[in-house]
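Each remark here refers to the structure printed beneath this line.
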Amino acid sequence: MSAEAADREAVTCSRPCTPPQTTWFEFLLDEALLEKHLQKPSPEKNDAPFKVLEVWDIAVFMGLNHASLKQGNTNRKKNYKKTCLCMHVFIRIKYVLFLVPLSLSIPVLNMLLNELLCVSKVPPGVKHVDLVLSTLPPTTAMAVLIYNRWAIRTIVQSSFPEKQTKPGPHQLNMLNHVQQEKELTENILKVLKEQADDSIMVLKGVLGIKKDFYIHTMRTLDLLAAESCTANGETECSTAGLKISADELHCQVHYDLGAVFFQQGSSDPLAYEKAREHFLKTRECLAKFDGRALHCRIDEKRLAGYWNACGVLTGSSDIGGTQMPLYTQIHSFIKSGNFEGLIECFVKDNITFSLPSYFRQSVLREFVHKAQQGDRAADEICYKLCACNAVRDALEGQVISVRFRQFLLKPNKDKIDFLLEVCTRSLDKDHASEASKRNMAAFLKSLCESLEDLQLVFMVSSHELFMVLLKDEERKTLLDQMRKKSSTVSLCTKPLPSFYDIPASASVTIGQLKHQLILSLDPWQIRQILIELHGMAERQFWRVSSKWEVPPDYLGVILGIKDNLTRDLVYILMAKGLHSIAIKDFLHARQLFTACLELVTEFSPKLRQVMLNEMLLLEIRAHEAGTGTGTNRDRPPPDLVSRVRGYLEMRIHDIPLRQIIGEECVAFMLNWRENEYLTLQVPVGLVQNNPYVKLGQLLAATCKELPGPKESRRTAKDLWEVVVQICSISSQHKRASDGRISLIKQRESSLGIMHRSNFVTFIKKLREPLVLTTLISLFVRLHSIVRDDIVNEVTAEHISIWPISLPNLQSVDVETVAVTMKELVNYALTLNPNNHSWLITQADIYFVTNQYSAALHYYLQAGAVCSDFFTKTVPPDVYTDQVLKRMIKCCSLLNCHTQVAVLCQFLREVDYMTAFKALQEQSSHDAMDSFYDYIWDMTILEYLTYQDIHHKRGENEKRQIAIKAIGQTELNASNPEEVLQLAAQKRKKKFLQAMAKLYF
């Protein structure tokens, strides 16, 4: 032997030998092997007996049931033996007793349990609800009970959402098997749900049986196989099984009944009461067993969840009961308005620390929201909850919340009394830890330091808890600090105006004044604070907050003011006013701008005009924000219209003007249809110098001429050319060293009257429907030209007024046109989501971009808004043949072929070829037969019925539904035309409503 061979042998011999694995078929050859294997301490699920169950799972779909397997040939005898082996495993792992979940499908479990019923001598052909279980042999009654328990649990389990598993690429050959299993499972579930009431009655009947039950074991199965039992089963095999006490069985049955009644509660609220009663019985049984039950396994965590949910849903729990979980108590207190009980729960939790902090904070936020909505009763509750949370945070050594500090800004005796009471009840002085005591002492000390009123400080410092927790030296030092603070305030106080809410004293620092300056919106208070600040330090206080911003156009004029106090005041008033407009706080904005106008009028005509312009913008925005977008909007007052005209015609030199004011003025005139002024009265020079005025004039003239003859649409052409120029691009070229010209980049053309971004910003200030419709139609026509796709064109109103071609097509940016069109339509729909023309345009946009589900959504919405959700007939100018054909194409590409067939009837001439082709499709992702009732065309119904489409696929139920649909009397061809039309309209309405529910 060579050295290498010796080494290999040595290595091989050193490895431990793996015990031989038993394969599943060996258990068929040696019956004693199964019992020996299953008596191991913990047989693995990957072992051979479980492989037997997996093989049996597949055998179900090969038609190998108990009846067929017992017949004569050798192969079937072997399969029958395999079935018995499966039953041995099934019984031995006690699935039938505990109904523990296994990785077996519902059809397999159904087959196994039917085998159990068969071997247990359950009378065939008799409903279980008709059996008197007390008169049956114990094992027979137990088999009936087990089957019905499984039926109930399967129904409950099927109501839970499950993630669907998809076959991988290597399982394609199993698709047919998976489909068969799915259909078989659905059929079994359907039967179980139909028989649910019977199963419930069977389980209720078991609760009246007081004698013990017996369940099959391997020994009883062997006795049955040896046919040692008599005809009625009353022999050794009935009592040789595993004994189950009645109490343990009743406990499990109560749990199953509670679960199924809870599942039924979503449709029948009274079922929650029944579920609660059965869960109560389950809890009582478990308490009686005290952990000594041998054959009763209940998921106590799930039981507790069921119990809590029933208590909340029924509202019948004892709210004050100690057995009720704290979460449920809090929910019940909030629901019933028992706020004293709610506060009591929070105080008790300060001792037990059972509620997480985030939950307590969420309850507080709920009441704060109610208080902000105007609920005055919630104000006091907010403080009490906040105080309880603050004490809890203090005991845990956490940072006290800002909201509690805000409550202490205006303290009173009642608030401090309640806070001290919570502190006292939250700390058990005899059993609390030293850390908790130190934290509470620090909290009380901090509370004293934050209070300004000496009477309130005395309340805290003289309290028993304060005296116990703080040492004498700490109390003395703290009180000395309070006395010094009090003397400082009383000696240095000086009188101030009544509106000035800041204590002007030597103890008031510059930082405190700056803080008040940032928060204040009262112009006189801002003035007084600035006087105080300038008296303390000579600084530029307009820089206190980085959030204060004024337009760059005004910055030079304001900062040119020589007096520092006046400069700061003008800057801050304007900055705060602009911020108030931005957040639509127009009341404070008027106060701030009015004060600023009065101030600058005294020394600067230029700033006076600036403030008048800003106040004009304020009034425009306030009026636009205060009006709706419908037809009943209030007209602006004549004075406001005159001021807008005056601004547009203003010719004062050296006045800094903001471009946005001009935009808002032009948009304002368009929104209120001041077309006469924009087209006839606006100065020519203003049109030439202000691009927004020019654009507004073109829009006003175009809208004014709609509808009109082609000769009067010169303004539409002018508007077209302006918009095309805005959407154009220019190419920059460079000549290479070899003389060739190469393209460097494309950029937005500088020949347009404004940039596209400014144009889009201006558009989003418009609210007049006719103006928006005009712009939408312009961009739709421009998009159709640059996209050059005749089949998939977007449609819009008034599209015929625009040119049909472009002289320089390559200069227009296709992406810019598409993006602007989408932005414009989206913006228009935010103003009026019920404009059917805009909805059709939006649907077309989604259609041409292959977003078919979204396109259907908007096509259906367009029909719904003009027919009162399809209770009336959709106007034919809305659902044109083009729209209907696009809806048909959307459904076809979404594989909803039955919907295609129904929609083909809506066309002026029914498209039978498309409908027939759709009905022949093998795979349809819609509800198929549920749409047959919406078909009224007899030709389509006859094709569906007599071509045996469903019969060829083995879909007999669907075929019967189609036959039922064609047999309706109102569709009889002999009926008068009015009856047929009424039947068609009725089906149209119901079909469109069903589609809306699917796609909305």
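Can you tell me the relative contact order of region 326-483? Whole percent, Cα pairs under 8 Å, sequence separation 6 or more.
Computed value for region 326-483: 18 percent relative contact order.
With a 1.4 Å probe and every protein chain left in place, work out the accessible area per residue of region 246-316 in Å², rounded to a whole number.
Per residue, region 246-316 has 51 Å² of solvent-accessible surface.
Given a cut-off of 24 Å, name the pairs among 127/301; 429/476; 384/410; 204/274; 204/243 whose C-alpha atoms lie farther apart than that in the structure shown.
Exceeds cut-off: 127/301.
Given a 1.4 Å probe and the protein chains all in place, what does the accessible area of residue 407 round to, in Å² to the nearest 10?
Residue 407 has an accessible surface of roughly 50 Å² with all protein chains in place.
For region 506-634: lysine pairs with Cα atoms under 24 Å, gap of 8 or more or different chains, count?
10
Between residue 657 and residue 808, take the C-beta separation as r, use R0 = 25 Å, and let me know the FRET efficiency to the nearest 0.05.
Once rounded, the FRET efficiency stands at 0.10.
Going by Cα centres, region 392-441 and region 526-595 are how many Å apart?
Computed from Cα coordinates, the inter-centre distance equals 41 Å.
Which value, in Å² rounded to 10, gives the accessible area of residue 935 with a 1.4 Å probe and all protein chains present?
Spelled out: residue 935, probe radius 1.4 Å, area about 0 Å².
What is the projected area of the convex hull of the Cα atoms of region 326-483, averaged over all directions, in nm²?
Averaged projected area of region 326-483's Cα convex hull equals 9.3 nm².
Within the P(r) computed for region 506-634, what percentage of the Cα pairs occupies the region above 19 Å?
50 percent
Going by average Cβ neighbours within 10 Å, how do the peptides 559-567, 766-774 rank, with the highest at the top?
766-774, 559-567
What is the sum of charges, Lys and Arg at +1 and Asp and Glu at -1, for the other residues whose Cβ falls under 14 Å from the Cβ of residue 352?
Summing Lys and Arg as +1 and Asp and Glu as -1 gives 0.
Could you give log10 I(q)/I(0) at q = 0.25 Å⁻¹ for region 246-316, computed by the Debye formula over C-alpha point scatterers of equal weight, without solvent?
For region 246-316 at q = 0.25 Å⁻¹, log10 I(q)/I(0) is -1.05.
Under the 0.36 nm per residue contour assumption, what length would be gained going from the current alpha-carbon distance of residue 539 and residue 429 to full extension?
Stretched out fully, the residue 539 to residue 429 stretch lengthens by 34.2 nm.
In nm, give the distance between the simple-model label positions of residue 352 and residue 376, each being 7 Å from the Cα along the Cα-to-Cβ direction.
Distance between the two pseudo-spin positions: 3.6 nm.
Only four residue types carry charge here, +1 at the Cβ of Lys and Arg and -1 at the Cβ of Asp and Glu. Report the dipole size of region 246-316 about the Cα centre in Debye, rounded to the nearest 20.
140 debye
Charges at C-beta only: +1 for Lys and Arg, -1 for Asp and Glu. How large is the resulting dipole of region 506-634 about its Cα centre, in Debye rounded to 20?
Roughly 200 debye for region 506-634.
What is the distance in Å between the Cα centres of region 981-1000 and region 780-851?
What the calculation gives is 29 Å, centre to centre.
Heavy atoms only, probe 1.4 angstrom, no DNA, RNA or ligands counted: give me 247, 926 ranked by accessible area, highest first.
In descending accessible area the options line up as 247, 926.
Quick one: accessible surface of residue 598, probe radius 1.4 Å, all protein chains present, in square angstrom to the nearest 10.
110 Å²
I want to check the label-to-label distance for residue 458 and residue 718. Put each point 7 Å from Cα in the C-beta direction and report it in nm to one decimal.
Here the modelled spin labels are 8.4 nm apart.
Considering Cα pairs under 8 angstrom that are at least six residues apart, work out the relative contact order of region 506-634 and quote it in whole percent.
RCO, region 506-634: 20 percent.
How long is the gain from residue 822 to residue 562 if the chain were fully straight, where each residue apart is worth 0.36 nm and the alpha carbon distance is subtracted?
Computed gain between residue 822 and residue 562 is 88.5 nm.
Could you tell me what percent of the accessible area of region 506-634 is made up of carbon and sulfur, with a 1.4 Å probe and every protein chain present?
The nonpolar share, carbon plus sulfur, comes to 52 percent.
Put a dot 7 Å past each Cα toward the Cβ at residue 830 and residue 788; how far apart are the dots in nm?
3.5 nm
Just the projected area, averaged over all directions, of the convex hull on the alpha carbon atoms of region 833-934: how many nm²?
Seen from a random direction, the Cα hull of region 833-934 projects 6.4 nm² on average.
If r is the Cβ-Cβ distance from residue 598 to residue 642 and R0 is 30 Å, what FRET efficiency results, to the nearest 0.05?
Once the sixth-power term is evaluated, E becomes 0.85.
The values are calculated or read from the model by the stated rules, or taken from the named source; none is laboratory data. Because the structure is a prediction, the values reported are computed rather than measured. Ideal geometry is used to build each Cβ from the backbone, glycine not excepted, and the neighbour counts take in all protein chains shown. Just the protein is used for accessible areas: all its heavy atoms, side chains included, with ligands, DNA and RNA removed. Shrake-Rupley method; radii C 1.70, N 1.55, O 1.52, S 1.80 Å.
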